[in-house]
Amino acid sequence: MADTTRAAFPKGDRPWSDLEREMRQRTSDDADWRAGRTAIFFFMADQEAYEVGKRAFMAFFSENALGAARAYPGLAAMEREVLDYGLDLLSAPEGGRGVFTTGGTESILLATKAARERHRALKSHNPGAPLNIVMPVTGHPAFDKAAILMDVEVRRAPLDPDRRVNVEALRNLIDENTMMVVASAPCFPHGVIDPIGEVSAVAEAAGVWMHVDACVGGWIAPWFERIGRGTPVFDFRHSGVRSISADLHKFGFAPKPSSTVFFREGEDLDRSTFRLGYWPSGMYTTATMSGSRPGAAVAAAWAVINHLGVEGYTRAARNLSAMVDRYVEGITAIEGLELWAKPDVTIINFGSNAFDIYAVAEQMRAKKWIPGLTSAPRGMHTMLSMQHEPAREQYLADLRESVAAVRAAKSKSDLTATY
Ligand SMILES: Cc1ncc(COP(=O)(O)O)c(C=O)c1O
């Protein structure tokens with residue numbers, strides 16, 4: 001039963017020392033992000049980059065990026081530069097533009113809005129039927145959020161055995177009311193990059209907007225490609241790609257909340273921009289869905305990118321890929337465990353045909369890990385980042401022990417996968 005007691009409005013007048021003590025005490029059982037025990041939620045390249053992000057964030061703690069253009073031209077220039085870095089990294093052509101947002105979900109909302117406006121402006125469609133978005137079953141729920149807000153239908157295509165979208169099935173879902181086709185780089189559940197080139201060709205042939213959701217891979221997968229990891233190209237080099245979402249607060253290693261969305265053509269940025277002319281306070285324009293937003297996030301992203309630069313991201317890609325390989329080796333060395341997909345970047349998803357993986361996850365929970373789960377197929381899931389490296393030996397030892405216990409007891413679990 002949920003606790004329905006309502007907290008009374010505080011009396012106040014409590015000093016920071018007192019508040020800090022209470023907050024520390026109340027969260028003492030919360031997961032410690034430093035310990036690498038959560039499957040997701042926190043991202044790290046190295047300690048120094050983490051400190052740079054934190055210091056820059058605190059230094060610009062009070063600036064409101066809503067007012068960047070009017071009050072903080074220095075901050076506005078940093079924001080523009082961060083977007084330029086992203087356009088460059090993702091091989092956007094001349095004329096490409098971007099928006100600095102508060103997260104992957106907001107980036108996706110903006111791209112979806114732009115796609116809808118373009119469809120409305122340029123395409124004739126069946127007005128009796130709702131517009132639709134066509135995407136793989138693995139596409140992020142942020143598109144469903146956007147679809148609810150915009151009264152749009154979501155159509156989901158099944159996967160091939162390698163867990164990338166089946167392009168033929170995706171193509172068959174497209175009709176005259178399709179305003180957007182989506183593919184992921186990589187998808188969250190299985191960590192694989194969809195066949196972006198093939199989907200791009202399908203989208204172009206159908207004359208439909210293609211969005212690449214690179215919230216996870218956007219700021220790191222290009223560096224994986226550059227170190228010769230064989231990571232597939234997913235960006236504007238594919239001519240059908242009109243927009244890309246790429247989170248800074250994931251593998252850009254910047255503090256939350258920070259993400260970016262990029263458009264191949266500047267006019268599409270105009271389509272995602274909000275403008276209201278008749279308000280008593282005058283013309284109100286935001287490129288974002290949010291109004292006020294932290295200038296701290298902009299400053300911190302600028303600082304982290306300038307701190308890491310080409311060398312730092314290359315190093316991060318090397319460190320991450322070596323760690324992913326070590327995790328994969330350790331996991332697949334445990335009898336009965338297998339990968340559900342070959343990771344393209346940093347997400348691993350594994351399970352078993354020999355025993356109930358959710359029962360293993362329960363054992364891991366009892367050992368104070370916070371595992372991620374996938375439901376189809378039943379699996380465990382982790383988005384690896386460098387805080388997971390010092391935790392690796394312990395994780396694998398606990399996983400071995402958990403598997404052994406589940407095999408011995410033939411235990412089953414009635415857990416359901418919740419994000
Ligand atoms: C592939 C993908 N897209 C979008 C998102 C949404 O990002 P956010 O949680 O920053 O809104 C996530 C989050 O994990 C993701 O993995």
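The values are calculated or read from the model by the stated rules, or taken from the named source; none is laboratory data. Not measured: the values here are computed from a predicted model. All Cβ positions, glycine included, derive from the backbone under ideal geometry; neighbour counts span all protein chains shown. The protein model used for the area step is the full one, side chains on, heavy atoms only, and it has no ligands, DNA or RNA in it. Shrake-Rupley method; radii C 1.70, N 1.55, O 1.52, S 1.80 Å.
Tabulated values for the structure
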{"read-out": "Wholly enclosed strands (runs of 3 or more DSSP E) of segment 231-314 bearing at least 1 residues away from the ligand (no atom under 16 Å from the Cβ), of a type in the set (Ser, Thr, Tyr) and at pLDDT 95 or above", "value": "284-286"}
{"read-out": "Scope segment 31-43; condition more than 16 Å from the ligand (Cβ to nearest atom) and either in the same structural domain as Gly191 (by TED's automatic domain parsing) or not in a helix (DSSP H, G or I) (or both); matching residues", "value": "Ala31, Asp32, Gly36, Arg37"}
{"read-out": "Those residues of segment 151-184 which are farther than 24 Å from Tyr419 by Cα, more than 16 Å from the ligand (Cβ to nearest atom) and open to solvent by less than 70 Å² (accessible area, probe 1.4 Å), in sequence order", "value": "Asn166, Val167, Ala169, Leu170, Leu173, Ile174, Asp175, Asn177, Thr178, Met179"}
{"read-out": "Subset of segment 358-377 that is in contact with a Pro (Cβ under 8 Å, 6 or more places away or on another chain) and open to solvent by less than 30 Å² (accessible area, probe 1.4 Å) - its residue that is nearest to Trp33 (Cα to Cα)", "value": "Met364"}
{"read-out": "Among the residues listed as Gly240, Gly291, the single one being surrounded by fewer than 23 Cβ atoms within 10 Å (Cβ to Cβ), out of contact with any His (no Cβ under 6 Å at 6 or more places or on another chain) and not hydrophobic (A, V, I, L, M, F, W, C)", "value": "Gly291"}
{"read-out": "Verdict on Ile227 being in contact with a Phe, Trp or Tyr (Cβ under 6 Å, 6 or more places away or on another chain) and among the aliphatic types (A, V, I, L, M)", "value": "no"}
{"read-out": "Residue check for Arg120: basic (Lys, Arg) and loosely packed, with under 13 Cβ neighbours inside 10 Å", "value": "yes"}
{"read-out": "Test: Arg400 is crowded, with 17+ Cβ neighbours inside 10 Å, over 22 Å from Asp29 (Cα atoms), modelled with pLDDT of 95 or more and among the charged types (D, E, K, R)", "value": "no"}
{"read-out": "Residues of segment 220-235 that turn out to be open to solvent by 10 Å² or more (accessible area, probe 1.4 Å) and within 14 Å of Phe253 (Cβ to Cβ), as a count", "value": "1"}
{"read-out": "Considering residues of segment 92-147 that are closer than 21 Å to Arg237 by Cα and in a helix (DSSP H, G or I) only, the residue nearest to the ligand (Cβ to nearest atom)", "value": "Ile108"}
{"read-out": "Tabulated pairs, segment 391-419, first in the same structural domain as Leu320 (by TED's automatic domain parsing), second of a type in the set (Lys, Arg) and in a helix (DSSP H, G or I), C-beta under 8 angstrom, 6+ apart or interchain", "value": "Arg392/Arg326"}
{"read-out": "Residues being within 13 Å of the ligand (Cβ to nearest atom) and of a type in the set (Val, Ile, Thr) - total across segment 189-230", "value": "5"}
{"read-out": "Residues that are over 14 Å from Thr332 (Cα atoms), part of a helix (DSSP H, G or I) and within 27 Å of the chain's Cα centre (by Cα), drawn from segment 345-367", "value": "Tyr358, Val360, Ala361, Glu362, Met364, Arg365"}
{"read-out": "Members of segment 80-104 that are open to solvent by 30 Å² or more (accessible area, probe 1.4 Å) and out of contact with any Asp or Glu (no Cβ under 8 Å at 6 or more places or on another chain)", "value": "Arg80, Glu81, Asp84, Tyr85, Asp88, Pro93, Glu94, Thr102"}
{"read-out": "Lone qualifier among Gly351, Gly336 - being open to solvent by 20 Å² or more (accessible area, probe 1.4 Å) and of a type outside the set (Lys, Arg)", "value": "Gly336"}
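Matching residues to (1) farther than 20 Å from Ala391 by Cα; (2) assigned to a helix (DSSP H, G or I):
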| position | (1), (2) |
| --- | --- |
| Arg6 | yes, no |
| Asp18 | yes, yes |
| Ser28 | no, no |
| Leu83 | yes, yes |
